[in-house]
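Working notes, structure below.
Derivation of every value follows stated rules applied to the coordinates shown; laboratory data play no part. Remember, predicted model here, so these are calculated numbers, not experimental data. Backbone-built Cβ (ideal geometry, glycine too); neighbour counts: all protein chains shown.
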Amino acid sequence: MLISSTVSSQEWIQDNNRTSVLFKIKNLGLTVDGGFKTSVINTNLDTKDLSNSYINATITVNSIFTGIEARDKHLLETDYFDASNHEKIILKSSKLTKDVNGNITLFAKLSIKGFIKEMEIPLEVFEDNSMLTIKASMLVNRKNFNVGGRSILLSNNVKIKVEYSATK
């Protein structure tokens, strides 16, 4: 009998109460904070062997929140996320690497509104027995994904902060 999988290569189980996808963007000189209530992150991260590891995420666009309902509805319209035609934001990993200092970087494709861009995302990874926490911060240029149109009042760069917690 051949057993090809090990405990370290199993997929982690997301803790929804401790996982978040948040963003900040300047609009009219003010910072708008928000996030997405529904995100599913799948990973089988093995920090000792990254060769078969992956991190993939699916975010439900309709779950966006900024604290102002009218703004949230506007963000779902065509000039922003076009939620009726593009229900999901998808991140698909292509590889993970570790440098000599042990820092892990995720290389992935980010898909928003049908536009796909390569991303290089530094990760903070904390693993303790059967608990995994991954933190990532990055800047995303909204214009690369045709989000927000040609607004000159809206910053091009969106600060994204993701925190993922999971158990085996």
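Things worth noting here:
- In this entry, the stretch 13-167 is assigned a mean projected area of 9.5 nm², taken as a quarter of its C-alpha convex hull surface.
- Order of Arg142, Arg18 under a 10 Å beta carbon neighbour criterion, fewest first: Arg18, Arg142
- Applying 1/(1 + (r/R0)^6) with r as the Cβ-Cβ distance of Thr31 and Phe107 and R0 = 45 angstrom yields a FRET efficiency of 0.95.
- Summing charges over neighbours of Glu124, with a neighbour being any other residue whose Cβ is under 14 Å away from its Cβ, gives -1 when K and R count +1 and D and E count -1.
- Gain in span if fully extended, Glu118 to Lys88, counting 0.36 nm per residue against the direct Cα distance: 9.1 nm
- Considering only alpha-carbon pairs that sit under 8 angstrom and 6 or more positions apart, the relative contact order computed for the chain is 25 percent.
- Whole-Å distance, taken between Cα centres, linking the stretch 50-109 and the stretch 116-162: 7 Å
- For the stretch 1-102, a/c is not less than 1.5, where a ≥ b ≥ c are the root eigenvalues of the C-alpha gyration tensor, and a/b tops b/c. That puts it in the prolate class.
- Under the criterion of Cα pairs below 8 Å and six or more residues apart, the relative contact order for the stretch 58-132 equals 22 percent.
- Cβ-based exposure ranking for Phe23, Phe115, Phe81, in which fewest neighbours within 10 Å come first: Phe115, Phe23, Phe81
- In Hz, Karplus ³J(HN,Hα) per residue of the stretch 114-119 (6.51, -1.76, 1.60; θ = phi - 60°; x = Gly, Pro): x, 8, 10, 10, 6, 10
- Each of Phe145, Phe107 was scored by other Cβ atoms within 10 Å of its Cβ. Listed from fewest to most, they are Phe107, Phe145.
- Prolate is the label for the stretch 73-153, because the ratio a/c of its alpha-carbon gyration tensor axes (a ≥ b ≥ c) is 1.5 or higher and a/b is greater than b/c.
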